[in-house]
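To start, the structure itself, in structure tokens.
The values are calculated or read from the model by the stated rules, or taken from the named source; none is laboratory data. On a predicted model such as this, the values are computed, not experimentally measured, just so you know. Positions of Cβ are backbone-derived with ideal geometry, glycine not excepted, and every protein chain shown enters the neighbour counts.
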Amino acid sequence: MKAFKAAIILLGRPGSGKDTQAELLAKKFGLTHIVSSKLIKAALKKRKGVRFEKERRLQKSGFLVAPKFVSILIRAKINSIAGRGKGIIMSASPRTLIELKDELPLLKKLYGENTYFFHVEISPKEVYIRNLKRHRKDFPELDTRKVIKKRLEVFNHETLPVIKYLKSKKIIFHINGEQPIAKIHRDILKILPKA
């Protein structure tokens, strides 16, 4: 399948397989994968001061980094990639309504109708099973029972309203994330245009 200029956004609970699906779709469609957590980590590594130290602590403990700070990073990255005529795929961003309101107009302006939101759904029980089993090199501190509990609370409070808002606008597709990886991938592909 040839590359097409699109923005695909995957939302879901921690461990729902967003990054896995993002990598598969990025390869298939020639998209650039924006991983918000890695973007934030790299940005915080470069910056000094009390404010950024606070943001680093928030990220490590399962809380969300300041939405406005995230939006600035994401918007800059989107503009850079779109400026080169490429499509993007994002996993786990926007995580808050503030981020959504900052990013959605830009996505619509740059990608128009080729902007797709997906909610990869898994149960809270499945979140614990998957996150306690995996061994991430980038953020191992996030996969403890205490932090998983906090991340689920944050998801319910911050990201679920994003999904509900997108659902009210009829611009998000719901995908069963408790299926095999290949089946989830096929379900997403059924919704995307044939290129």
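Here are some notes:
- Considering region 96-195, the qualifying helices (runs of 4 or more DSSP H), each wholly inside and each with 1 or more residues that are out of contact with any Pro (no Cβ under 7 Å at 6 or more places or on another chain) and among the hydroxyl-bearing types (Ser, Thr, Tyr), run over 97-111, 124-133, 160-168.
- Residue within region 83-94 that is under 15 Å from Ile172 (Cβ atoms), at pLDDT below 95 and not hydroxyl-bearing (Ser, Thr, Tyr) present: yes
- Reported count of residues in region 87-122, each being over 12 Å from Ile8 (Cβ atoms) and in contact with a Lys or Arg (Cβ under 7 Å, 6 or more places away or on another chain), is 6.
- Among the residues making up region 13-43, those that are in contact (Cβ under 8 Å) with a residue 12 or more places away in the chain and hydrophobic (A, V, I, L, M, F, W, C) are Ala22, Leu24, Leu25, Ala26, Phe29, Leu31, Ile34, Val35, Leu39, Ile40, Ala43.
- The test for being surrounded by fewer than 16 Cβ atoms within 10 Å (Cβ to Cβ), of a type in the set (A, V, I, L, M) and either at pLDDT 95 or above or out of contact with any Phe, Trp or Tyr (no Cβ under 8 Å at 6 or more places or on another chain) (or both) does not hold for Ile122.
- Pairs, first modelled with pLDDT of 95 or more in region 160-182, second surrounded by 14 or more Cβ atoms within 10 Å (Cβ to Cβ) and hydroxyl-bearing (Ser, Thr, Tyr), C-beta under 7 Å, six or more apart: Val162/Thr96; Gly177/Ser16; Ile181/Thr20
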